[in-house]
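Comments concern the structure below.
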Amino acid sequence: MKRRNIIQAILSSVFVLSLSGNTQAADMDAQSKASFDTVMAFMGAVGSGDMDTVNTLMAEDMVWQNEGDSAMPWIGPWNGKKEILAFLPVFGENFKTTAWENTDAFASGDTVAVFGKMNGITTHSGKQIGNFAFALRAKVRDGKVVLWHWFEDSYAVSKAFHGK
């Protein structure tokens, strides 16, 4: 139970969610809307530290891919629930989100795209990254997230991580 509380505390500080911008869920076909709702629910659960919902919405064979400098401990891929659930607290210990805004989000079939801007501090160096853009490509199968492919300004994040 203590581990779960620690993970929840870490994850709740990792993502500060703010849905805004052009989310056109009402105009989507049924599959696109279901995929969109699943991804947004997953994102919200991660942000609030609701590990029961995260676990429910995660496919057993889910892949979480972060691109970037392999010296940073949160660069993936992370394959399957077990690896991802072990990775999330590592990410939370090493990256503190200080700003987050979703600016656009949409879905087509099983694929969801979210774009936004954020800021954070890498605890390795204590340096703030500065505002940077992010993009997420997620895939959903049978109501569960199977792919979480994260793109960010990895150069800026790496520079902050290494204290430059």
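The values are calculated or read from the model by the stated rules, or taken from the named source; none is laboratory data. All values derive from a computational prediction rather than experimental measurement. Glycine gets a Cβ as well: all are built from the backbone with ideal geometry, and neighbour counts include every protein chain shown.
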For residues in segment 23-43 being at pLDDT 90 or above and out of contact with any strand residue (DSSP E or B) (no Cβ under 8 Å at 6 or more places or on another chain), which is nearest to LEU88 (Cα to Cα)?
-> ALA41
Filter segment 57-84 for residues that are of a type outside the set (D, E, K, R), in contact (Cβ under 8 Å) with a residue 24 or more places away in the chain and surrounded by fewer than 17 Cβ atoms within 10 Å (Cβ to Cβ) and give the result.
-> GLN65, ALA71
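Could you tell me how many of the residues in segment 66-102 are in a helix (DSSP H, G or I) and either among the aliphatic types (A, V, I, L, M) or farther than 24 Å from VAL146 by Cβ (or both)?
First, the residues of segment 66-102 that are in a helix (DSSP H, G or I): 80-94.
Add one more test, that the residue is either among the aliphatic types (A, V, I, L, M) or farther than 24 Å from VAL146 by Cβ (or both), and what stays is 84-86, 88, 90, 93-94.
Qualifying residue count for the region: 7.
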Candidate set: segment 111-164, residues that are assigned to a helix (DSSP H, G or I) and touching a Phe, Trp or Tyr at 6+ places or on another chain (Cβ under 8 Å); chosen: the one nearest to ASN66 (Cα to Cα) | VAL157
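Restricting to segment 39-56, name every residue that is of a type in the set (A, V, I, L, M, F, W, C), under 24 Å from GLY109 (Cβ atoms) and either over 12 Å from the mean Cα position of the chain (by Cα) or surrounded by fewer than 19 Cβ atoms within 10 Å (Cβ to Cβ) (or both).
The one that is of a type in the set (A, V, I, L, M, F, W, C), under 24 Å from GLY109 (Cβ atoms) and either over 12 Å from the mean Cα position of the chain (by Cα) or surrounded by fewer than 19 Cβ atoms within 10 Å (Cβ to Cβ) (or both): ALA41.
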Can you tell me which residues in segment 135-148 are surrounded by fewer than 18 Cβ atoms within 10 Å (Cβ to Cβ) and either acidic (Asp, Glu) or closer than 19 Å to GLY76 by Cα (or both)?
-> ALA135, ARG137, ASP142, VAL146
In segment 102-114, which residue that is surrounded by 17 or more Cβ atoms within 10 Å (Cβ to Cβ) and under 20 Å from SER48 (Cα atoms) is farthest from the chain's Cα centre (by Cα)?
-> ALA105
Output yes when any residue across segment 132-140 is touching a helix residue (DSSP H, G or I) at 6+ places or on another chain (Cβ under 9 Å) and at pLDDT below 95, and no when none is.
-> yes
Restricting to segment 127-158, what's the tally of residues that are without any contact (Cβ under 8 Å) to a residue 24 or more places away in the chain and over 30 Å from ASP61 (Cβ atoms)?
-> 1
